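Since the structure comes first, as structure tokens, the remarks are kept for the end.
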Amino acid sequence: MNLDELNAGAGIQRGEIRITDRSGASAIIDLRFARSVDDVVAAINSNTTINVTAETVGGAFRLVDNTGQTASNLLVQEVAGGTTAASLGLGNINASSATATGLTVLALHEGTKLSFLNDG
């Protein structure tokens, strides 16, 4: 799914986000060149500084902390005054649990093309 289809066709603000896992490790995830939902998931999942897995569920992104620790909350923050985390529905994540689901960013809207349904 193309990121331009998210948020009722408004897309997302591309930039960087900071994710902190429950061990307290933090990483900046560069999404400036992400084009698809899969790109976002891959960028988070391939980061080796934090132990967090991203997935999609019900039109939202879900983050799963795999550290088994509780030193910190699972946290997502904007970088350099950006709005990337918010546009991905992740801007409010500050969870004391190992799993956090962002706000729904994918839903049918007036501009949804039929070719996007049922995998084309």
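For the chain, the alpha carbon positions stretch 45, 28, 22 Å along the principal axes, listed from largest to smallest.
Using Cα pairs under 8 angstrom and six or more residues apart, how large is the relative contact order of the chain, in percent?
Answer for the chain is 30 percent.
Entry note, the chain: the mean residue ellipticity at 222 nm calculated from DSSP H runs of n ≥ 4, each adding -39500 (n - 2.57), is -2500 deg cm²/dmol after division by the residues and rounding to the nearest 500.
Nonpolar atom fraction for the chain, defined as the carbon and sulfur part of the 1.4 Å probe accessible area, stands at 47 percent. Note on Thr70: accessible area is roughly 110 Å² with a 1.4 Å probe, heavy atoms of protein only. Put a dot 7 Å past the Cα of Met1, heading toward its Cβ, do the same for Ala42, and the two dots end up 1.8 nm apart. Under a model in which nothing but the beta-carbon of Lys, Arg (+1) and Asp, Glu (-1) is charged, the range 1-112 shows a dipole of about 220 debye around its Cα centre.
The values are calculated or read from the model by the stated rules, or taken from the named source; none is laboratory data. In this text the structure is predicted, and so the values were computed from the model without any measurement. Here the Cβ is made from the backbone with ideal geometry for all residues, glycine too, and neighbour counts use every protein chain on show. Protein only, heavy atoms only, side chains kept; ligands, DNA and RNA dropped before computing areas. Shrake-Rupley method; radii C 1.70, N 1.55, O 1.52, S 1.80 Å.
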